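Heads up: the structure comes next, in structure tokens.
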Amino acid sequence: MVGGSTRTQRLFAALVQLARTRRLDGTAAVEDPTIRDELVRIHVMVEEHRLGDLLRTTRRHSGRDPGLLPLTAKLAASGIADRVSALALTLLDEDALLDPNADREERPGPERWTNQWLGSLGLSIAAGTSNIQRDIIASRGLGLSGDRERDPAC
Amino acid sequence: MLSADPELDPEFDLDGTRHDLQALLRTALTAALPLTRLTEIMDAESDEDPASWRRLADIGVLGLSAPSEHGGAGEGILTLAVAAEEVGYAAVPGAYIGHVLAVLALGEGGDDDQRRHWLPLLAGGHRHATVALSGHDTPERTVRGLSGTVPVVPGIAGADLVVVSTAEGLSAVPVAAPGVSTRPVAGIDRTRRLGSLTLENAAHTPLAGGRVLARRVLDAARVLVAADAHGGARRCLDLGLAHARERVQFGKRIGDFQAVRHQLADLATLIEPGRGLFWLAARRLDARDERGGTSAAAAKAHLTEVFIAAARHCVRLHGALGYTWDGPVNPWVKRAPLDHSLYGTPRSLRAVVAADLGWG
């Protein structure tokens, strides 16, 4: 499912692994206070997303109103993917200069993350771009009808 | 029933009783606190609001965690947090969080005499209590009593009893006792006034449980502030939404402009899933799960930053009206920084989470 939390959790686990193995300025990246702070920030967002998913599922079964969660999950997932990509780019350092798909003799290295960086953009476009999602949340979730619904000429 | 560990139990929601409590508090507290009343309190000498405090007492919220034989309901931190969200939504003045934490501490660590004397008075709202949990300044315990200054204590001005954190654990200190003095401290949030507490060989009663109980009360404090922040952020979204539906500019409701619609959609996406974080932390603390403290720190770090963002967006959505002292957003603009900085800033709490997760 697009916007589901399983994919987000897998992506984050891989990011933690990258932060543990990369070295920045001679020390493990995960020990850099700035990197660690952002890593925890994303960790909490991933956890929040997972719990939101769980509540949404529970309420689908119980029949209680799930609120806006079914509408906001995809936009939230795209937001998390943006932050994961930004931190991965920092962690890659100069390896980010390499083409991740080039036919090289040696095994592909951390530059594979560049595929994630590009792929996360696709995720924010597939099944409705982020701006379409914002329109859906505003119209169906917040009850703001907007130009298209109110003015057929738009 | 909300599970302690959602990995083991697919049911993740409040039970019917807590759900109903939340709905009841939403109606009762917002009715007691229209904007005009909140503005009055911000301009007043004190943050005391007998009407909303009476409703909290009548609904039974002030003594939730006290045992039933002492006028309480024997509830855990989760129920206190559900109420704290509504306290934050309505911007209830005074030290709800300090009061219920003192009740929690006395209920779990007080001796029979203390519990019999204080818990019914506090549960009924006839006396006020708070906690002094500063991480930087801890009074010292000697044979002659407690000595030292805690520079920032919410709710100390009207308190009859304060539970003080020391290196050994928690101690109960009656504020009227010799050697106890308090002074008002001008704070950012005039709905929740601050004061300093100075002790000079003050008489005190140590609570059982030592540092373990002190740690638990601090973790609970973080959960309750996180819940307050989530409630405040929800109010900011609702205020912004109401304004967007009403306000007309250039011949259109501003909620029809895509820039405003998208700003509100982003705000909703930021706020909507937040409950899970403090529910899980509260549930883990109630289950004495060792991950409770980490979850509490994580919830407080994230949700108080979301509240800051929500308050600032809400001001911008309201334009100049949002920037007005007696405008509709001001109480929450001022509550957000208190939630942010009390009992650990987001940055320091994220360092705690990182250490707990074994990251460096």
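The values are calculated or read from the model by the stated rules, or taken from the named source; none is laboratory data. If you're wondering where the values come from, they're calculated on a predicted model, not measured in any experiment. Neighbour counts are summed over all protein chains in view; Cβ atoms, including those assigned to glycine, are modelled from backbone coordinates with ideal geometry.
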> Do we have A:VAL30 as in a helix (DSSP H, G or I), within 14 Å of the chain's Cα centre (by Cα) and either at the interface with another protein chain (Cβ under 9 Å from one of its Cβ atoms) or free of Cβ contacts under 8 Å to residues at least 12 places away in the same chain (or both) here?
Replying inline: no
>> As an exercise: evaluate A:ASP147 against (1) at pLDDT below 90; (2) crowded, with 16+ Cβ neighbours inside 10 Å; (3) within 13 Å of chain B (Cβ to nearest Cβ) and give the number of the one condition it does not meet.
In response: (2)
> Is it the case that the range B:132-151 has a residue that's of a type in the set (Ser, Thr, Tyr) and buried (at least 21 other Cβ atoms within 10 Å of the Cβ)?
Replying inline: no
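Hey, which of the helices (runs of 4 or more DSSP H) in the range B:179-298, taking only ones fully inside, have at least 3 residues that are surrounded by fewer than 17 Cβ atoms within 10 Å (Cβ to Cβ)?
Result: B:210-246.
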> Can you find even one residue in the range B:105-125 that is in a loop (DSSP other than H, G, I, E, B), farther than 30 Å from B:ARG235 by Cα, more than 19 Å from the chain's Cα centre (by Cα) and not acidic (Asp, Glu)?
Replying inline: yes
> Which residue, of A:ALA77, A:ALA86, is modelled with pLDDT of 90 or more, in contact with a Gly (Cβ under 6 Å, 6 or more places away or on another chain) and part of a helix (DSSP H, G or I)?
Replying inline: A:ALA77
>> Looking at B:HIS302 and the list (1) within 14 Å of chain A (Cβ to nearest Cβ); (2) surrounded by fewer than 24 Cβ atoms within 10 Å (Cβ to Cβ), which single condition is not satisfied?
In response: (2)
>> Can you confirm whether A:PRO100 is outside any helix (DSSP H, G or I), over 17 Å from B:GLY276 (Cα atoms) and not basic (Lys, Arg)?
In response: yes
>> So if I check each of B:LEU285, B:LEU349, B:LEU270, B:LEU338, which one is out of contact with any helix residue (DSSP H, G or I) (no Cβ under 8 Å at 6 or more places or on another chain), touching a residue at least 12 places away in the same chain (Cβ under 8 Å) and under 23 Å from B:LEU224 (Cβ atoms)?
In response: B:LEU338
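Filter the range B:74-93 down to the residues that are in a loop (DSSP other than H, G, I, E, B) and either touching a helix residue (DSSP H, G or I) at 6+ places or on another chain (Cβ under 6 Å) or among the β-branched types (Val, Ile, Thr) (or both), then identify the one that is farthest from B:ALA227 (Cα to Cα). So that I can check it myself, show each step before the final result.
Our first condition is that a residue be in a loop (DSSP other than H, G, I, E, B); within the range B:74-93, this holds for B:74-76, B:91-93.
After this cut, where a residue has to be either touching a helix residue (DSSP H, G or I) at 6+ places or on another chain (Cβ under 6 Å) or among the β-branched types (Val, Ile, Thr) (or both) as well, the list is B:74, B:76, B:91-93.
Details: B:GLY74: 20, B:GLY76: 14, B:ALA91: 12, B:VAL92: 13, B:PRO93: 16 Å.
Here the answer is B:GLY74.
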> What number goes with the only condition from (1) of a type in the set (D, E, K, R); (2) free of Cβ contacts under 8 Å to residues at least 40 places away in the same chain; (3) in a helix (DSSP H, G or I) that A:ARG64 does not pass?
Replying inline: (3)
